[in-house]
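Okay, so here's the structure we're looking at.
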């Protein structure tokens, strides 16, 4: 048991610590950081779209029926719509923080939870599969976590709060790994139903919360740069799919 639990939990911890990848942004002074943030938000839009379209939905389609995948994706979209409505109606006590910052944390927590499940299932299958899956997830998470950190800053979180809240959200990967190791591969099978739900949340966050922030910018020159950043985010997720994705 120890030879499976220990590397699986260490892998989940490493994936959680990737959330601190955004720490390099803390070295940027206020003015320079403000200029970078909207480009990070644009990259985040592309990363969310790419993650949903190239990773989560194809993985779900490979294991469950297309109708179930579509319904679960729609359910995720609608649940995040409801969450945003509730956040607007009952603010979380931080008036300066825009509600999409909390939506980003919720979506990231769900995604990291499924990552933890996948890591544990991979280590249960063997050390080679476990290591390959961990490396793939780490490479996939680095650009996403940096952009997630930028989204939190743009939403109004202080640098310190953004750093720690992003880490707390990432720690759900440890929870997913522990539950899977405890219950066996049964939870791993359940994770395929969580993937399209998370995809719906990602699509909602990208399309209705982050894109409107970008559309507020009235500079035509920057619009093309934002479009390039969105395309770069999509391309980054597509590249990870081409190189093996999560290693499922």
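Looking at the stretch 176-196, is at least one residue under 15 Å from the mean Cα position of the chain (by Cα), buried (at least 23 other Cβ atoms within 10 Å of the Cβ), over 12 Å from residue 16 (Cβ atoms) and at pLDDT 90 or above? Looking through the stretch 176-196, at least one residue is under 15 Å from the mean Cα position of the chain (by Cα), buried (at least 23 other Cβ atoms within 10 Å of the Cβ), over 12 Å from residue 16 (Cβ atoms) and at pLDDT 90 or above.
From the list 48, 10, 40, 26, which one is closer than 25 Å to residue 168 by Cβ, at pLDDT 85 or above and surrounded by fewer than 16 Cβ atoms within 10 Å (Cβ to Cβ)? Steps first, answer last, please.
Numbers: 48 fails: surrounded by fewer than 16 Cβ atoms within 10 Å (Cβ to Cβ); 40 fails: surrounded by fewer than 16 Cβ atoms within 10 Å (Cβ to Cβ); 26 fails: at pLDDT 85 or above.
None of the others qualify; the one that does is 10.
In the stretch 157-175, of all residues being surrounded by 15 or more Cβ atoms within 10 Å (Cβ to Cβ) and either in a loop (DSSP other than H, G, I, E, B) or at positive phi (or both), the one that is modelled with the lowest pLDDT corresponds to 157.
The values are calculated or read from the model by the stated rules, or taken from the named source; none is laboratory data. Since the structure is predicted, the reported quantities are computational estimates derived from the model, not experimental observations. Here the Cβ is made from the backbone with ideal geometry for all residues, glycine too, and neighbour counts use every protein chain on show.
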